[in-house]
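Every number in this text was worked out from the coordinates using simple rules, so none of it is lab data. Only a predicted model underlies this, so the values are computations on that prediction, with no experimental measurement involved. Positions of Cβ are backbone-derived with ideal geometry, glycine not excepted, and every protein chain shown enters the neighbour counts.
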Amino acid sequence: MNTLATELNSQLQETVAQRLLSGLGKRLYFPKGIIAQSGEAKKYAHKANATIGMAYDGGRPLILSAIAEGMPTLSAVEAVTYAPTAGVETARQAWKDVMLKKNPSLDGSRISLPVVVPGLTAGISYIADLFLEEGNEILVSDPCWDNYSLIFADRRGATVTEVPFFGTGAGLNLEGIKQAVKKASKSGSLRLILNFPNNPSGYSPTKAESESLINMIKETAEAGTDCLIITDDAYFGLAYESDIYPESLFSRLATLHERVLAVKIDGPTKEDYVWGLRMGFVTFGSAGMNENHYEALIKKLMGTIRSSVSCSNTPAQYLMLKTMNDSRSESEKARFREILHKRYELVKTLVANNKQHPVLQALPFNSGYFMSFRCNGVSPETLRQTLLKDYGIGTIALGSKYLRIAFSSVEAEHIPFVYKTLYRVASELAHKN
């Protein structure tokens, strides 16, 4: 094992992070090679910096006219330079400041500085590199985003256990989640990913449900189980009901117990409506870890970034900073949220009017971009194909049980047609069976 990895492992000794690391996680380190030496040179090489493979003239990076004209608000430095492996420092700090503002329960001094990753998917994958391998189990919601299986099982060889997050009631299946957590904890460690608002159901926990989830994890840790709790906050902030817990669960988990390592994966992708920028953040929090521990863990994370994409997109980070500093952004985002809220209300009414439908049972939904149906007696794929080919309506079939509707991408005037057609076609297919 590389001596730098050994040093980082020693630095993490007796922390929940060290005990949860995968074999790859233990081997990862950030090399003191070109990138690290270039970082030092930025601080001290005031005369000439001959460390990085870029071309400068007159103190500015060389830039083609087509690129310069295509990004008129960015300087050459902001548009084409390599970003540091962990991200542009000002972008990292700015995101942390915004995170603290959105989650007032967070103690900024007790969490790490966020690390920039090339999209939330990459962030989840990197955390899987650090903490998952063959023989490990991770709990995910049923239904869940289909990419979880590809990341956790196919890439890392872990066992993915789908936990029915919804029963026949109006909210979370808390008893079912509790039993799954209890069973998984018998191994001595718990790995769980919480995605709220949930993709594909569009559900976020109420204040009471959130307290139950937090207490569940705290009791698990107090019983001696090391817990890795990943909060996939891709759709954070898009809440449409007043009883939804207003913060990320990370805000409580980050300082819950020394045996709990909380990892927040978020970013501006959906929160700020910049999907194609492919930019996310990874933040660590644990009551049993300090700044030195976080620094070691971040270097391991930088190791997996360095060994895959080297660094994240530079223009995306500076564009994000510009949106944060632009006085128009908040009012525009409020207007966008209201558009989505109105679509949600339309869907909510249509679903309520068809509560007793024999085929389609709506899963609880109150937030985000989506809602989903449990299909009874009709294949979701057959329903999807019929809607698409016969009526020009695109939906997503998930496995053998669920059909997802992204109302976020349907204009309000088209929503009644979509749902009336959906309910009618589902009934017709059921009668044919």
Worksheet entry | Estimated FRET transfer efficiency when R0 is 25 angstrom, pair Phe336-His414 (beta carbons, to 0.05) | 0.90
Worksheet item: Gaussian network model of the chain, Cα springs within a sub-10 Å range: biggest mean-square fluctuation belongs to which of Pro61, Pro200, Pro31?
Response: Pro61
Response to the item:
Rounded to the nearest 10 degrees, the helix 415-432 long axis (Cα) sits at an angle to the longest Cα principal axis of the chain of 60
Worksheet, complete the sentence: Taking the dipole of the chain about the Cα centre (Lys, Arg +1; Asp, Glu -1; charges at Cβ), the one of Ala122, Leu350, Gly87 that reaches farthest to the positive side is Ala122
Worksheet entry | Mean Cβ neighbour count within 10 Å, used as a protection proxy, ranking 379-385, 229-235 highest first | 229-235, 379-385
Discussion item. If the elastic network links every pair of Cα atoms under 10 Å, which of Leu172, Leu388, Leu28 fluctuates the most in the Gaussian network model of the chain?
Written reply: Leu388
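How would you rank 260-270, 115-125, 353-363, highest first, on the average number of other Cβ atoms within 10 Å across their residues? Could the numbers behind the result be given before it?
Working: 260-270: 25.9, 115-125: 23.8, 353-363: 15.8.
For the peptides 260-270, 115-125, 353-363, the packing ranking is 260-270, 115-125, 353-363.
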Worksheet entry | Point-charge dipole on Cβ atoms (K/R +1, D/E -1) for segment 190-257, about Cα centre, debye to 20 | 100
Worksheet item: How much length, in nm to one decimal, is gained on full extension between Glu7 and Thr421, taken as 0.36 nm per residue of separation minus their Cα-Cα distance?
Response: 142.9 nm
Worksheet item: If you take the charge dipole of segment 330-432 about its Cα centre, with +1 on Lys and Arg Cβ and -1 on Asp and Glu Cβ, which of Ala430, Phe336, Phe417 is farthest toward its positive end?
Response: Ala430
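Between Lys355 and Arg19, 0.36 nm times their residue separation minus their Cα-Cα distance comes to what?
Working: separation 336, 0.36 × 336 = 120.96 nm, distance 4.75 nm.
So the extension gain works out to 116.2 nm.
Report the gain in length on full extension from Ser310 to Glu219: 0.36 nm times residue separation, minus Cα-Cα distance, nm rounded to one decimal. Working shown, then result.
Numbers: separation 91, 0.36 × 91 = 32.76 nm, distance 3.92 nm.
The span from Ser310 to Glu219 would gain 28.8 nm if fully extended.
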Fill in: Computed helical MRE - 222 nm, the chain, DSSP H runs ≥ 4 contributing -39500 (n - 2.57), nearest 500
-13000 deg cm²/dmol
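Could you order the peptides 185-194, 2-11, 343-352 from most to least packed, using the average number of other C-beta atoms within 10 Å per residue?
Descending mean neighbour count gives 185-194, 343-352, 2-11.
If you average the sequence gap of Cα pairs under 8 Å that are 6 or more apart and divide by the length of the chain, what percent do you get for the contact order? Numbers along the way, then the final one.
Working: 762 pairs, mean separation 78.8, N = 433.
The value is 18 percent.
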Worksheet entry | Share, in percent, of DSSP beta bridges within the chain that are antiparallel, nearest 5 | 55
Worksheet item: Short version: ³J(HN,Hα) in whole Hz for each residue of segment 334-341, in order, from phi by Karplus 6.51 cos²θ - 1.76 cosθ + 1.60 (θ = phi - 60°), x for Gly and Pro, what are they?
Response: 5, 5, 5, 4, 5, 4, 5, 4
Worksheet item: So how far, in whole Å, is the C-alpha centre of segment 391-406 from the one of segment 271-335?
Response: 31
Worksheet item: Say each of Asp326 and Thr382 gets a label point 7 Å from the Cα, pointing the same way as Cα to Cβ; how far apart are those two points in nm?
Response: 4.8
Worksheet, complete the sentence: Looking only at lysines whose Cα falls under 22 Å of Lys299's and that sit 8 or more positions away or on another chain, we get Lys26, Lys32, Lys42, Lys43, Lys96, Lys264
Discussion item. Taking the Cα centre as origin and putting +1 on Lys and Arg beta-carbons and -1 on Asp and Glu beta-carbons, what dipole magnitude results for segment 330-432, to the nearest 20 debye?
Written reply: 260
Worksheet item: Once both axes come from the Cα atoms, what is the angle between helix 89-102 and the longest principal axis of the chain, in degrees from 0 to 90, rounded to 10?
Response: 40
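In segment 117-196, which GluC sites (Glu not before Pro) fall in coil by DSSP and have 11 or fewer other Cβ atoms within 10 Å? Could you put the intermediate results ahead of the total?
Numbers: sites: Glu133, Glu134, Glu137, Glu162, Glu175; in loops: Glu133, Glu134.
Loop-located and lightly packed - Glu134.
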Fill in: Candidate aspartates and glutamates - alpha carbon under 14 Å from Lys389, same-chain residues fewer than 8 apart omitted
Glu381
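Place a +1 charge on the Cβ of each Lys and Arg in the chain and a -1 charge on the Cβ of each Asp and Glu, then give the dipole magnitude about the Cα centre in debye, rounded to the nearest 20. The partial results should precede the final answer.
Working: 47 positive and 44 negative charges, 61 e Å.
Dipole magnitude for the chain comes out near 300 debye.
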Worksheet item: Helix 380-391 sits at what angle to the longest principal axis of the chain, using alpha carbons and giving 0 to 90 degrees rounded to 10?
Response: 80
